[in-house]
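The values are calculated or read from the model by the stated rules, or taken from the named source; none is laboratory data. On a predicted model such as this, the values are computed, not experimentally measured, just so you know. Reconstructed Cβ throughout: ideal geometry from the backbone, glycine too, with neighbour counts over all protein chains shown.
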Amino acid sequence: MSFFTELDVSVIAPSLPFLWTGLKFTVTLTLIAMSGGIILGTLLALARLSPFSPLAMAASWYVNLMRSIPLLMVILWFFLIIPLITGYPMGAETSAIITFTAFEAAYYSEIMRAGIQSVPRGQVFAGQAIGMTYAQTMGHIVLPQAFRNMLPVLLTQTIILFQDTSLVYAIGAKDLLKAAEIAGKNYNRPVEMYIFAALIYFVICFSLSRLVKHLQSRIAIIR
Amino acid sequence: MNYHWNWGIFLEQVKGGDETYLNWLFTGLGWTLAVALSAWLIALAIGIVIGTLRTAPSKGLAWFATTWVELFRNIPLLVQMFLWFFVVPELLPREWSLWVKQDLPAKEFITATLCLGLFTSARVAEQVRAGIQSLSRGQTMAGLAVGFTLAQTYRYVILPMAFRIIIPPLTSEFMNIFKNSSVAFAIGVMELTFQARQMQEDSEQGIETYLAVTVLYFICAFIANRGMAFLEQRTRVPGFIASAK
């Protein structure tokens, strides 16, 4: 096919430093949204399981709302709303970080909730019986096991998150995809750049999903 | 918060046109439904075949199906949209390439539907495979024992059960496809998200615009959910699947 001989891969080398800055933002965004999302998500999960019903209801509303709107709309919402509330203009990158943390928290919370529920209730009673407070029972007994049991699922969600960060395109944040687009315009070689970007995403996601498979076989849920 | 509310904005005319903003939103809803529903048909048709092939005894077929799933699952949807829109036409022979770029009617819609359909087919395939593998091996053996060929066993024993089992996860995939269709805005399909951005820029009434669009997405997801719940109830095998929610 003539196409492959027409491909000009020589434009990739000079644009690597530029693509690297884009990839760095994509990875940073993923890591911040992952850590923030898991912490917030765990709190949300605890709130949903709390016996205090207004708190449980508020948490469940938040989670269900976030899960029923397209991520793109959430990105646009936050980009519009945050400057209105704070009164200061906000860069696309900062807005993306806040949005993804808040959005992913909803998905991570569902995973953590399943994880908490995978720990037998008897262990909670046992904790209380030896005089532990709620926080101690959760922190020392339930959450470590919940986290361990759900590690493969949490990682799978992180792979999805990594792919979804490409949607910051909608507000013009400079991630890997945007960098590839700009480089493609500069060298007038968009085809090569899109293929190269797709390849980077594929290699990273595929390797991570192999890791998840490996983890799944190592971590059996202990009951 | 300093915001000028204007709930009447939907009935006002767009700048430089004789439509109202409400017209824009309904056009958007129409394209969203068109993309999501056509893509769902593609996803079901291909997903069922690929998912079944993944359980096939033939190494070659199973490898092909696995590659298919990994390829579509590990590249972001937005990147896939750009690949289909900007890259694939270049891969075609010259005359076809020219035809796609210049004469293909509703090019954005067809590209987006194909892309979303293939992307979702990989996810449907995973559910179909999980459904087939959740059945006990005894069912296949029983089918073969009464003299069915392997193909007949799949057709009359395995697949009818597997389809019923995977209705709940397919329900969430069906709801996802409406959400994912929003990505089609990036290649210029005039669906809801596209219209939301356009109306927000044109009217400067962002909150009202986004609220209306969010509600429309919500309604789509809700109807999809109820529709699948109805299907689940109608196709239930008595005494087998205790999933009635």
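Listed values, structure above:
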| item | result |
| --- | --- |
| Failed item in (1) of a type in the set (A, V, I, L, M, F, W, C); (2) more than 27 Å from B:GLU191 (Cα to Cα); (3) buried (at least 20 other Cβ atoms within 10 Å of the Cβ), with A:ALA96 passing the rest | (2) |
| Residue ID - surrounded by the fewest Cβ atoms within 10 Å (Cβ to Cβ), chosen from residues in the stretch A:160-211 that are hydroxyl-bearing (Ser, Thr, Tyr) and not in a loop (DSSP other than H, G, I, E, B) | A:SER207 |
| Unmet criterion (only one of (1) more than 13 Å from chain B (Cβ to nearest Cβ); (2) over 15 Å from B:ILE75 (Cα atoms); (3) polar (S, T, N, Q)) for A:ASN188 | (1) |
| Condition broken by B:GLU204, with the remaining ones in (1) of a type outside the set (Gly, Ala, Ser); (2) more than 30 Å from A:LEU80 (Cα to Cα); (3) surrounded by fewer than 14 Cβ atoms within 10 Å (Cβ to Cβ) satisfied | (2) |
| Those residues of the stretch A:147-163 which are within 10 Å of another protein chain (Cβ to nearest Cβ) and touching a Ser or Thr at 6+ places or on another chain (Cβ under 9 Å), in sequence order | A:ILE159, A:PHE162 |
| Residue among B:PHE119, B:PHE82 that alone is at pLDDT 95 or above, closer than 22 Å to A:LEU7 by Cβ and buried (at least 21 other Cβ atoms within 10 Å of the Cβ) | B:PHE82 |
| Long-range neighbours under 8 Å by Cβ, at least six apart or interchain, first residue on the phi < 0 side of the Ramachandran plot and part of a helix (DSSP H, G or I) within the stretch B:105-119, second among the hydroxyl-bearing types (Ser, Thr, Tyr) and modelled with pLDDT of 95 or more | B:ALA112/B:SER181; B:THR113/B:SER38; B:LEU116/B:SER181; B:GLY117/B:SER38 |
| Meets criteria (in a helix (DSSP H, G or I), acidic (Asp, Glu), more than 14 Å from every other protein chain (Cβ to nearest Cβ) and in contact (Cβ under 8 Å) with a residue 60 or more places away in the chain) for A:GLU104 | yes |
| Criterion: in contact with a Leu (Cβ under 9 Å, 6 or more places away or on another chain) and more than 14 Å from every other protein chain (Cβ to nearest Cβ) - qualifying residue of B:THR20, B:THR55 | B:THR20 |
| Any chance B:LEU61 is over 23 Å from the mean Cα position of the chain (by Cα), part of a helix (DSSP H, G or I) and hydrophobic (A, V, I, L, M, F, W, C) | yes |
| B:ILE42 being away from chain A (no Cβ under 14 Å) and buried (at least 16 other Cβ atoms within 10 Å of the Cβ) | yes |
| Residue check for A:VAL203: more than 20 Å from A:ILE38 (Cβ to Cβ), free of Cβ contacts under 8 Å to residues at least 12 places away in the same chain and of a type in the set (Val, Ile, Thr) | yes |
| Of residues in the stretch A:1-13 being part of a helix (DSSP H, G or I) and free of Cβ contacts under 8 Å to residues at least 24 places away in the same chain, the one nearest to A:TYR107 (Cα to Cα) | A:ALA13 |
| Positions within the stretch A:51-72 being modelled with pLDDT of 90 or more and either part of a loop (DSSP other than H, G, I, E, B) or crowded, with 19+ Cβ neighbours inside 10 Å (or both), in sequence order | A:PHE52, A:ALA59, A:VAL63, A:ILE69, A:PRO70, A:LEU71, A:LEU72 |
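Here's the yes/no breakdown for (1) touching a residue at least 40 places away in the same chain (Cβ under 8 Å); (2) surrounded by 19 or more Cβ atoms within 10 Å (Cβ to Cβ); (3) in contact with a helix residue (DSSP H, G or I) (Cβ under 7 Å, 6 or more places away or on another chain):
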{"residue": "B:THR153", "(1), (2), (3)": "no, yes, yes"}
{"residue": "B:PRO160", "(1), (2), (3)": "no, no, no"}
{"residue": "B:ARG164", "(1), (2), (3)": "yes, no, no"}
{"residue": "B:ILE167", "(1), (2), (3)": "yes, yes, yes"}
{"residue": "B:SER182", "(1), (2), (3)": "yes, yes, yes"}
{"residue": "B:GLY188", "(1), (2), (3)": "yes, no, yes"}
{"residue": "B:LEU192", "(1), (2), (3)": "yes, yes, yes"}
{"residue": "B:ALA196", "(1), (2), (3)": "yes, yes, yes"}
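Rundown of residues vs (1) assigned to a helix (DSSP H, G or I); (2) more than 14 Å from chain A (Cβ to nearest Cβ); (3) free of Cβ contacts under 8 Å to residues at least 60 places away in the same chain, yes/no style:
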position: B:THR27; (1), (2), (3): yes, yes, no
position: B:GLY30; (1), (2), (3): yes, yes, yes
position: B:ALA36; (1), (2), (3): yes, no, no
position: B:ILE48; (1), (2), (3): yes, yes, no
position: B:GLU70; (1), (2), (3): yes, no, yes
position: B:MET81; (1), (2), (3): yes, no, no
position: B:GLU90; (1), (2), (3): yes, no, yes
position: B:SER97; (1), (2), (3): yes, no, yes
